[in-house]
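The values are calculated or read from the model by the stated rules, or taken from the named source; none is laboratory data. On a predicted model such as this, the values are computed, not experimentally measured, just so you know. Because the Cβ atoms are built from the backbone with ideal geometry, glycine has one as well, and the counts that use them run over all protein chains shown. For the accessible areas, the whole protein counts, side chains as well, though only heavy atoms, and no ligand, DNA or RNA atoms are used. Shrake-Rupley method; radii C 1.70, N 1.55, O 1.52, S 1.80 Å.
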Amino acid sequence: MTRAILLLISLAVLTRAQEPVRQTTEARLWLQVPAGQAPLQDIRVSAGSATPAPWEKDPAVRERLTDVIFPVRWWDWRELSLSFMPLDDGTVDLVLNGPWEQEKPGTAFRKEVLWDSISAEGTRIENGDFEEQADGKPVGWKAPYQNYPSADSWPLAKATPLQGSAVAASWQNRTLSQTLQVKAGQKVTLRLHAMAATLPDFVAPKLLGQNTPAHQALSKIKRGMNLGNCWDAPPPYSWGIRYTTEDIDRIAAQGFDHIRVPVAWSYNLKPNGDGYEVDPAILTDLEPVLRRAIEKGMRVLLDWHHFDDLTTNPEANRARFVASWEAIARHFKSWPPELFLELLNEPRDALTTELANPIYADTIAAIHKIDPRRILFVSPGKWGDIRELDKLRLPDGDDRIVVTVHCYEPFYFTHQGAPWVQLSGLRGVTYPGPPATPLALPEQFKDNAGIRDFVEGYNTLPADRNPCSAITVRELFDLARDWSVHFGRPVHLGEFGSHNLGDQASRTRYSHDVRTLAEERKIPWALWDWKAGFSYWDSKNNQPLIRAGLFD
């Protein structure tokens, strides 16, 4: 095992008494080839990613250590198929661990992954079902860095095996490994089953049906449009973009059936006694647009954007958030049911999904006390990441809630040239990869492991494995659909889109793939955006830019 990994784990072991627990949404493993052997070739995974270890500075070491990450959930077992071709006779270490995430420097979250039913072709796995135990751990497996948990302690005590009577557990700072014998030119295929361990105080949420009021409301919409960079900006309500009823007429004529309207409500509420009221100044421009959309037979999703105080310090701004939504709910109470309210765009930073859950619960209760039948939309954390859905906990008794998620994968295509994510120097990424002419890695990104690995894969991998393709989108939308069906919570894709700096042909192909994958899974969507930095509409020539990708 490399010195970097040993140092990482050794430092963590020293602080293990302080390890906070957090539920994982991903499983992780490594394939480690010893020095003196050639790196593995043709590494393929059925889900997730398999990349050279991004933290290793030495290219030779990096190529011998493959980092595999794939999605898991707590409510059923996920299977991963992993194959590779050894070039030399020798060994490969299979190291089961878990995602790395720090609460603060020196303190890692303990994100336990459960494992069961691991089998192999082209090599031999000892005790892959973990049924044989000796000295308190599975026979044939090494757990050298921390004491392995006993069967009657968390996370093993309440774990339900896929088969048999035992499972294994690992996380970043307590790996579980086995050395496999391999032969040159003999393909190895591993099949592994993994599940996220639930936390010690976990209580399963109530499962709803498939015909709730939220499902019925969502069935009325299919294709939507975001009105970005206007009311979501600080006053005077624009980053150079203005919307009028004329825009609504054009949006409706293009065939969209709903609009999503971001508003930075934190700038547009005034104190009023013990609470707040909506500032009339914003309503002069905003309400005519909303009313015109409803007149055109569209649904309107009114969203709160950019409440940075809440995402920076959730608890200190919790009461303010609830009281603000009470004011908004009172103002719009008389509006027709075609108006939906979205509590918060892209929770992030300090506002994790876990911390958002109780804040959502308070806010939902407050809004529905004022306006009981209003359909509400909520988003998981990490910018509305689909992989956060398993952490989202909504009030069991409320069936008027839609879950909205965002997807901008592949990110280095959709955000190429975007200065707010430090990608100004990345240009010329076409969709899908690989490109006809390889893209040169800009000098400024040579030490950025994520961009470096993306460009290498983009230039070299075939379309069915290329990182600039629909692979990740398909996987994420499958997760969203499965979660939605299992829990009875309808899902809406609130944002996807691509920056104007991408070529229009690529943007059209990308839009086609994303909306097709969403529609195949019965997920309504809203494109970001109408005429700002990710434009659908060419305001100069009064014509659409990427219509063929959305309506062909």
query: Using the C-alpha gyration tensor of region 124-180, what are the square roots of 5 times its eigenvalues, in whole angstrom, with the largest one first?
result: 16, 15, 10
message: Considering only C-alpha atoms, what is the centroid distance from region 31-51 to region 410-430, in Å?
response: 28 Å
message: Can you work out the Karplus-derived ³J(HN,Hα) for every residue in region 485-495? Use 6.51 cos²θ - 1.76 cosθ + 1.60 with θ = phi - 60°, whole Hz, and x for glycine or proline.
response: 5, 5, 9, x, 10, x, 10, 10, 8, x, 8
- prompt: Heavy-atom accessible area per residue, the chain, 1.4 Å probe: how many Å²?
  reply: 41 Å²
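Pairwise over distinct Cα atoms, reciprocal of the mean inverse distance: report the Kirkwood radius of region 55-112 in Å, one decimal place.
Taking the inverse mean of 1/r over all distinct Cα pairs, region 55-112 comes out at 14.8 Å.
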message: Tell me the volume per residue, in Å³, of the convex hull enclosing the alpha carbons of region 277-416.
response: 136 Å³
message: Please list the three semi-axes, largest first and in whole Å, of the ellipsoid equivalent to region 118-251, using sqrt of 5 times the eigenvalues of its alpha carbon gyration tensor.
response: 51, 22, 19
query: What area, in nm² and to one decimal, does the C-alpha convex hull of region 237-343 cast on average over all directions?
result: 7.3 nm²
statement: Here the relative contact order (percent) of region 413-498, from C-alpha pairs under 8 Å and at least 6 apart, is 25 percent
Under 27 Å from the Cα of LYS183 - lysines, other chains or at least 8 residues apart: LYS142
query: Given just the C-alpha atoms of region 468-540, how large is their convex hull per residue in cubic angstrom?
result: 81 Å³
Fraction of alpha-carbon pairs over 36 Å apart in the chain - percent: 39 percent
- prompt: So, with +1 on the Cβ of K and R and -1 on the Cβ of D and E, and no other charges, what is the size of the charge dipole of region 177-272 about its Cα centre, to the nearest 20 debye?
  reply: 500 debye
task: Please name which of TRP100, GLY136, SER119 has its Cα lying farthest along the dipole of region 98-199 towards the positive end, using unit charges on Cβ (Lys, Arg +1; Asp, Glu -1) and the Cα centre as origin.
output: TRP100
message: Ratio of alpha-carbon Rg to the 2.2 N^0.38 Å globular estimate for region 163-238, to two decimals, please.
response: 2.18
Relative intensity, log₁₀ I(q)/I(0), of region 86-169 from a Debye sum that treats every alpha carbon as a point, q = 0.13, 0.15, 0.24, 0.26 Å⁻¹: -0.51, -0.66, -1.30, -1.43
3J(HN,Hα) from dihedral phi, region 451-457, Karplus parametrisation 6.51/-1.76/1.60, rounded to Hz, x for glycine, proline: 5, 4, 5, 4, 5, 4, x
Table column - 3J(HN,Hα) (Hz), region 151-167, Karplus curve with 6.51, -1.76, 1.60, x for Gly and Pro: 5, 9, 10, 5, x, 7, 4, 9, 6, 9, x, 5, 8, x, 10, 9, 9
statement: Given the candidates SER424, GLY48, ALA169, the one whose Cα lies deepest towards the positive end of the charge dipole of the chain, counting +1 at each Lys or Arg C-beta and -1 at each Asp or Glu C-beta, is SER424
- prompt: Out of residues 5 or more away from LEU527 or on other chains, whose amide H comes under 5 Å of its own, with H placed 1.01 Å from N in the peptide plane?
  reply: GLY224, MET225, ASN226
message: Among TYR243, ASN313, ILE328, which residue has its Cα furthest toward the positive end of the charge dipole of region 219-368, with +1 on Lys/Arg Cβ and -1 on Asp/Glu Cβ?
response: TYR243
query: Mind checking the dipole of the chain: about its Cα centre, +1 per Lys or Arg Cβ, -1 per Asp or Glu Cβ, Debye to the nearest 20?
result: 580 debye
task: Quick one: grab Rg to one decimal and Dmax as a whole number for region 282-341, Cα atoms only, in Å.
output: 13.7, 41
query: Hey, any idea what % of the chain's accessible area is carbon plus sulfur with a 1.4 Å probe?
result: 50 percent
message: Compute the angle between helix 280-295 and the longest alpha-carbon principal axis of the chain, please, reported from 0 to 90 degrees and rounded to the nearest 10.
response: 80 degrees
- prompt: Å³ per residue of the Cα convex hull, for region 375-497?
  reply: 110 Å³
query: Direction-averaged shadow area of the convex hull around the Cα atoms of region 89-131, nm²?
result: 4.7 nm²
statement: Computed for region 72-157: size of charge dipole around the Cα centre, +1 on C-beta of each Lys and Arg, -1 on C-beta of each Asp and Glu, debye to nearest 20, value 420 debye
field: Within straight-line cross-link reach of LYS540, lysines at Cα separation under 17 Å, skipping those fewer than 8 residues along the same chain
entry: LYS531
task: Return the percentage of antiparallel bridges among DSSP beta bridges fully within the chain, rounded to the nearest 5 %.
output: 65 percent
